[in-house]
Amino acid sequence: MDWQADGTMAAPSIGAPWQTTKETRRRLQRFRAARRHSRLVRILRRLLPVSGVLVIVAIGLAVRLAAPGDFDVSVARTTVTRNSVIMENPRLSGFDRFNREYTVTADTATQLLSAPDEVVLDGINAHLILPGRGTADVIAAAGTFNNAQSKLDLRNGVEVRSSEGYALHMQDADIDMKGGTLATSKPVRIEYQDSVTVAEGLHVSEGGEVIVLDGNVRTNLMPPKRAAATGTGETEEPQPGDRE
Amino acid sequence: QGFGEAFTGLSTDSDQPIQIEADQLEVQDAKKLAIYRGNVRVLQGNTVLKTAELRVYYTGRPGGGAAQSASTSTPQGGPAGSSVERIEAYGGVVVQSDTQTATGNRAVFEMAKDTVTLIGNVVLTEADNVVRGERLVVNLKTKEAKVEGGRVQTILAPSRTEGQAR
């Protein structure tokens with residue numbers, strides 16, 4: 001933390017774009033340690049908000065499962081209140097280490113000074129390129145990101161649409177960034193091409209490679225010939241399993 | 001007899017939707033494999049297949065697999081028909097339709113060839129007729145059924161005996 005000439009505190013310089021996750025973690029740990037121990041920082045934490053960039057970086061880490069590459073950030077407006085920092089229309093886009101582009105936007109991101117490790121988001125929209133499997137759009141009404149545990153809890157309706165033809169509808173989703181897992185214990189509905197599958201819970205691991213649905217799994221699918229036989233371009237939307 | 005009838009429901013030709021029920025479904029996307037486990041039931045029309053584990057091998061391409069089968073090869077890959085190539089059932093299989101039941105250790109559905117093969121102490125019953133064998137191969141389109149291997153033992157219950165154990 002270095003003081004600027006005009007007496008305000010300069011944002012912690014992120015310096016060169018972070019190269020590797022170890023580098024990122026070490027840098028974060030050093031930053032957090034510095035923050036915790038030095039008395040100056042404790043005073044500052046009460047007087048001055050944590051810099052906006054750190055908040056945005058937190059969101060970037062939240063969604064980007066792979067190690068962060070370089071990224072750029074834009075924020076429509078930052079409002080600093082006595083006890084929180086509010087970002088409007090934060091937008092983060094960048095490339096991960098596989099040079100795949102990602103973009104994360106939210107209507108607002110709020111960080112309470114009392115809980116600097118948490119960022120409350122609403123109107124989340126992320127566009128990601130999945131390893132080897134096209135792109136995916138994640139839309140969630142609300143969510144909380146915890147920087148310390150690198151966990152993102154999405155709430156009030158979550159939808160994941162992938163260019164591979166998957167559409168995943170959930171009520172909530174708990175994402176563990178480090179572990180690369182996503183889980184929900186509430187009803188889930190997955191549409192894939194012409195099939196619809198519902199279940200009472202879901203657990204995704206290995207960054208999306210393995211998807212496990214639990215509890216009363218029901219899949220409805222149309223036999224292939226039928227779609228071909230009718231020769232119609234689109235396939236009829238199969239009515240979801242009526243039997244609950 | 002038309003033991004193939006037992007499987008007619010499960011033919012990819014019929015236009016009735018297929019419903020699969022299970023306690024759990026695991027999708028391994030890299031291997032394009034979906035595994036249903038626990039009280040697995042596959043329902044189509046009036047045919048029910050019950051098994052312990054069902055493995056569905058699909059292709060990533062919409063309309064892949066079956067669409068390539070000779071009879072309906074739609075060059076442009078066709079509409080997004082189910083891209084299921086092969087289904088395997090393990091841990092005991094029971095296939096029931098109105099009048100017939102077929103059981104075996106496991107079963108393999110080859111979508112492209114439109115056949116299902118029941119393997120391992122296969123028993124077919126229709127009313128009082130019972131056929132046993134090692135393998136049963138059914139062509140889902142032509143409904144033709146062949147029991148092969150082991151001692152094919154056919155017990156044709158004489159028609160007018162009472163108290164015939166069903």
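The values are calculated or read from the model by the stated rules, or taken from the named source; none is laboratory data. From a predicted model like this one, the values you see are computed outputs, not experimental measurements. Note: ideal-geometry Cβ built from the backbone for every residue, glycine included; neighbour counts use all protein chains shown. Heavy atoms of the whole protein, side chains included, go into the accessibility calculation; ligands, DNA and RNA do not. Shrake-Rupley method; radii C 1.70, N 1.55, O 1.52, S 1.80 Å.
Quick notes on this structure:
Here is a yes/no grid of residues against (1) under 20 Å from B:Ile18 (Cα atoms); (2) of a type outside the set (D, E, K, R); (3) open to solvent by 30 Å² or more (accessible area, probe 1.4 Å); (4) at pLDDT 85 or above:
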position: A:Asp153; (1), (2), (3), (4): no, no, yes, yes
position: A:Glu159; (1), (2), (3), (4): no, no, yes, yes
position: A:Asp174; (1), (2), (3), (4): no, no, yes, yes
position: A:Pro187; (1), (2), (3), (4): no, yes, yes, yes
position: A:Tyr192; (1), (2), (3), (4): yes, yes, yes, no
position: A:Val210; (1), (2), (3), (4): no, yes, no, yes
position: A:Arg218; (1), (2), (3), (4): yes, no, yes, yes
position: A:Pro238; (1), (2), (3), (4): yes, yes, no, no
position: A:Asp242; (1), (2), (3), (4): yes, no, yes, no
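- Residues in region B:89-111 that are surrounded by 19 or more Cβ atoms within 10 Å (Cβ to Cβ) and in contact (Cβ under 8 Å) with a residue 24 or more places away in the chain: B:Ala89, B:Val93, B:Val95, B:Ser97, B:Gln100, B:Ala102, B:Gly104, B:Ala107, B:Phe109, B:Met111.
- Here A:Gln149 meets each of (1) of a type outside the set (Val, Ile, Thr); (2) assigned to a strand (DSSP E or B); (3) open to solvent by 40 Å² or more (accessible area, probe 1.4 Å) with one exception, condition (2).
- Among residues of region A:111-133 being within 16 Å of A:Glu159 (Cβ to Cβ) and open to solvent by less than 50 Å² (accessible area, probe 1.4 Å), the one that is modelled with the lowest pLDDT is A:Leu130.
- Only listed residue being modelled with pLDDT of 85 or more and under 24 Å from B:Gln19 (Cα atoms), chosen from B:Val94, B:Val123, B:Val84: B:Val94
- Any hit, region B:62-80, residues being modelled with pLDDT of 90 or more, open to solvent by 40 Å² or more (accessible area, probe 1.4 Å) and touching a Gly at 6+ places or on another chain (Cβ under 9 Å): no
- Lone qualifier among B:Asn139, B:Asn129 - being surrounded by fewer than 17 Cβ atoms within 10 Å (Cβ to Cβ), over 24 Å from B:Arg41 (Cα atoms) and at pLDDT 80 or above: B:Asn129
- Filter result for A:Leu202 (more than 10 Å from chain B (Cβ to nearest Cβ) and aliphatic (A, V, I, L, M)): no
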